[in-house]
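Step one of this worksheet: look at the structure below.
The values are calculated or read from the model by the stated rules, or taken from the named source; none is laboratory data. Quick caveat: nothing in here was measured; it's all calculated off a predicted structure. Ideal geometry is used to build each Cβ from the backbone, glycine not excepted, and the neighbour counts take in all protein chains shown.
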Amino acid sequence: AQSVTQLDSQVPVFEEAPVELRCNYSSSVSVYLFWYVQYPNQGLQLLLKYLSGSTLVESINGFEAEFNKSQTSFHLRKPSVHISDTAEYFCAVSDPSNTGKLIFGQGTTLQVKP
Amino acid sequence: KAGVTQTPRYLIKTRGQQVTLSCSPISGHRSVSWYQQTPGQGLQFLFEYFSETQRNKGNFPGRFSGRQFSNSRSEMNVSTLELGDSALYLCASSPMTSGADTQYFGPGTRLTVL
């Protein structure tokens, strides 16, 4: 069985500062890894995903995440955050052989302060 | 393409009643997954339907059921509602030709059980 741990429930940060949201997973098989973002009163939107190949994946809005197999981690980073990045971020895994099922972490609320 | 739509957006029910939620996937998507989101338990997978067949099921009691129609629209039903069923119910659609496919989420139905 897979599980996901997001180590921080809340991360406060000032605007234009860098941020890292941490995610560790546990699985006995290879997995696909995802980061989703949820703005208030909305559904989840995909930020980025790791399937295979290059361990560094990037999103169009400046976020990046690095897959580290030895540490079973998939931390999300952004070098300079904006007020508009304030949201809840979810790390998720899926088993390639068990389609349609995402296992989510508990979420991290990113609070960007002016 | 239009996104995933869920109806209704808000529902208030009383204990013991039953409820049906609806999800219309993105055109061409054959997979629909359902998730329950609560402050205490986070995001939990309920079930997934693909081509009118339940392909995956999470750890929820039999009071939670679903179905998918030939046009890929899906409904989930909760019978004998309990206070703990109050949650945001999210559906997600995907082509799901493989586990690498992105799941696209709807805005959710917020169910309140009194």
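What the table shows:
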{"read-out": "Candidate set from the stretch A:73-101 (those that are charged (D, E, K, R) and either within 13 Å of A:Leu33 (Cβ to Cβ) or within 12 Å of chain B (Cβ to nearest Cβ) (or both)); member that is surrounded by the fewest Cβ atoms within 10 Å (Cβ to Cβ)", "value": "A:Glu88"}
{"read-out": "Leading residue by the ranking (nearest to the chain's Cα centre (by Cα)) among those in the stretch A:66-101 that are without any contact (Cβ under 8 Å) to a residue 24 or more places away in the chain and assigned to a strand (DSSP E or B)", "value": "A:Glu66"}
{"read-out": "Index of the failed condition, B:Met96 passing every other in (1) within 12 Å of chain A (Cβ to nearest Cβ); (2) touching a Cys at 6+ places or on another chain (Cβ under 8 Å)", "value": "(2)"}
{"read-out": "Meets criteria (under 27 Å from A:Tyr50 (Cβ atoms) and either surrounded by fewer than 18 Cβ atoms within 10 Å (Cβ to Cβ) or at pLDDT below 95 (or both)) for B:Arg55", "value": "yes"}
{"read-out": "Some residue of the stretch A:56-72 being under 30 Å from B:Tyr49 (Cβ atoms), loosely packed, with under 14 Cβ neighbours inside 10 Å and not aliphatic (A, V, I, L, M)", "value": "no"}
{"read-out": "Odd one out for B:Leu43, checked against (1) at the interface with chain A (Cβ under 10 Å from one of its Cβ atoms); (2) part of a loop (DSSP other than H, G, I, E, B)", "value": "(2)"}
{"read-out": "Residues of the stretch B:56-93 classified as in contact with a Cys (Cβ under 6 Å, 6 or more places away or on another chain) and either in a loop (DSSP other than H, G, I, E, B) or not hydrophobic (A, V, I, L, M, F, W, C) (or both), total", "value": "1"}
{"read-out": "Total residues in the stretch B:78-95, condition within 23 Å of B:Ala2 (Cβ to Cβ) and either more than 16 Å from the chain's Cα centre (by Cα) or surrounded by 23 or more Cβ atoms within 10 Å (Cβ to Cβ) (or both)", "value": "7"}
{"read-out": "Test: residue in the stretch A:27-44 that is assigned to a strand (DSSP E or B), more than 9 Å from chain B (Cβ to nearest Cβ), under 21 Å from B:Asp101 (Cβ atoms) and at pLDDT 95 or above", "value": "yes"}
{"read-out": "The stretch A:102-112, subset within 12 Å of another protein chain (Cβ to nearest Cβ) and in a strand (DSSP E or B), residue farthest from A:Glu15 (Cα to Cα)", "value": "A:Ile103"}
{"read-out": "Members of the stretch B:102-114 found to be in contact (Cβ under 8 Å) with a residue 40 or more places away in the chain, within 10 Å of another protein chain (Cβ to nearest Cβ) and assigned to a loop (DSSP other than H, G, I, E, B), listed by number", "value": "B:Gln103, B:Gly106, B:Pro107, B:Gly108"}
{"read-out": "Qualifying residue in the stretch B:59-75 (condition: within 19 Å of A:Val4 (Cβ to Cβ), within 14 Å of another protein chain (Cβ to nearest Cβ) and free of Cβ contacts under 8 Å to residues at least 24 places away in the same chain)", "value": "yes"}
{"read-out": "Subset of the stretch B:8-25 [within 21 Å of B:Gly84 (Cα to Cα), in a strand (DSSP E or B) and of a type in the set (S, T, N, Q)]", "value": "B:Thr20, B:Ser22"}
{"read-out": "Selection status of B:Arg30, among the basic types (Lys, Arg), farther than 22 Å from B:Thr112 by Cβ and more than 9 Å from chain A (Cβ to nearest Cβ)", "value": "yes"}
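Residue-wise test of (1) touching a strand residue (DSSP E or B) at 6+ places or on another chain (Cβ under 8 Å); (2) β-branched (Val, Ile, Thr).
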residue: A:Ser30; (1), (2): no, no
residue: A:Gly43; (1), (2): yes, no
residue: A:Tyr50; (1), (2): yes, no
residue: A:Thr55; (1), (2): yes, yes
residue: A:Gln71; (1), (2): yes, no
residue: A:Ile83; (1), (2): yes, yes
residue: A:Ala92; (1), (2): yes, no
